[in-house]
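I have placed the structure first, in the form of structure tokens, so that the comments after it can refer back to it.
Any read-out appearing in this document is the output of simple, stated calculations on the displayed coordinates, not a laboratory observation. Nothing here was measured: the structure is a model prediction, and the numbers come from that model. Positions of Cβ are generated from backbone atoms using ideal geometry, with glycine treated the same way; all protein chains shown enter the neighbour counts.
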Amino acid sequence: MAKEWAWSYSKKKNFDTCPKRHYEVDIQKNFVEDSEQLTWGNSVHAALANACTGKLPLPATMSEYQPWVERVQGGAGTLLVEQKLAITRDFQPCEWFSHKTWLRVVVDILRIDDIVARAIDWKTGKMVHDSIQLALNAQCIFSHYPKVRRIKTEYVWLQEACTTPEVFNRGDMARLWTGLLPEINAMEQAAKTLTYPPKPGKLCFKWCPVSSCPFHGKSNR
């Protein structure tokens with residue numbers, strides 16, 4: 001059986017930013033994204049995962065995040081950390097590496113409390129309003145936990161010490177996909193035709209690793 005085309009929020013975000021960057025970094029892996037911000041973000045996620053599960057305390061450099069750890073540990077229900085969830089094209093739950101896998105998400109913090117779930121995604125960068133990742137997390141949670149009817153999600157912006165919450169009810173999801181599927185279909189069509197043109201933008205000057213691109217190192221604001 002042929003393997004399903006699969007995507008994730010990060011791949012969609014990279015595709016929207018620049019199709020060529022997405023192709024070179026995410027698909028061909030000809031270039032690797034590497035920056036202090038990315039390294040720091042990965043370190044923070046790992047440290048918070050260890051702290052929230054009680055494996056290790058937060059390092060001194062991240063002690064300011066301790067209130068978030070205590071908030072997570074004090075919640076009701078079953079706690080799941082760095083939960084990997086995957087679904088098929090028809091929104092059925094599946095294994096992470098199944099040949100049927102269509103969408104993958106990683107939920108940083110998940111609590112299942114009967115018919116209600118709570119999901120947190122840690123953010124170490126500047127605050128940006130985009131609820132799509134929270135919505136995709138919610139869809140995968142609904143698919144894997146059929147008893148859950150309502151999910152309280154939020155981004156935790158660690159730099160600003162604040163959150164942006166969003167609530168999803170199971171009945172909301174059909175409306176979400178009506179608007180989102182055309183974008184995903186365009187991404188899949190690009191994969192079928194290998195059509196990944198460069199899209200000049202503000203990242204070209206010094207934040208894109210794709211040195212083979214004609215816009216690399218140029219200011220395209």
Inset, instruction - For Ala86, state whether it is within 29 Å of Pro67 (Cα to Cα) and either crowded, with 19+ Cβ neighbours inside 10 Å or over 11 Å from the mean Cα position of the chain (by Cα) (or both). - result: no
Inset, instruction - For region 159-169, indicate whether the set of residues that are closer than 21 Å to Glu64 by Cα and within 14 Å of the chain's Cα centre (by Cα) is non-empty. - result: no
Inset, instruction - Return the residue satisfying two criteria in turn: it lies in region 152-210 and is outside any helix (DSSP H, G or I) and basic (Lys, Arg), and of such residues it is farthest from Ile141 (Cα to Cα). - result: Lys206
Inset, instruction - Give region 119-134 a look and list any residue that's of a type in the set (A, V, I, L, M) and touching a residue at least 40 places away in the same chain (Cβ under 8 Å), or say none. - result: Ile120, Ile132
Legend entry - Qualifying residues in region 127-144 (those that are in contact with a strand residue (DSSP E or B) (Cβ under 8 Å, 6 or more places away or on another chain) and either of a type in the set (Asp, Glu) or part of a loop (DSSP other than H, G, I, E, B) (or both)) - the one surrounded by the most Cβ atoms within 10 Å (Cβ to Cβ): Ser131
Legend entry - Matching residues, region 32-50, being within 19 Å of Trp207 (Cα to Cα) and surrounded by fewer than 16 Cβ atoms within 10 Å (Cβ to Cβ): Val32, Glu33, Asp34, Ser35, Glu36, Gln37, Leu38, Thr39, Trp40, Asn42
Legend entry - Candidate set from region 91-116 (those that are in a strand (DSSP E or B) and among the basic types (Lys, Arg)); member that is surrounded by the fewest Cβ atoms within 10 Å (Cβ to Cβ): Arg111
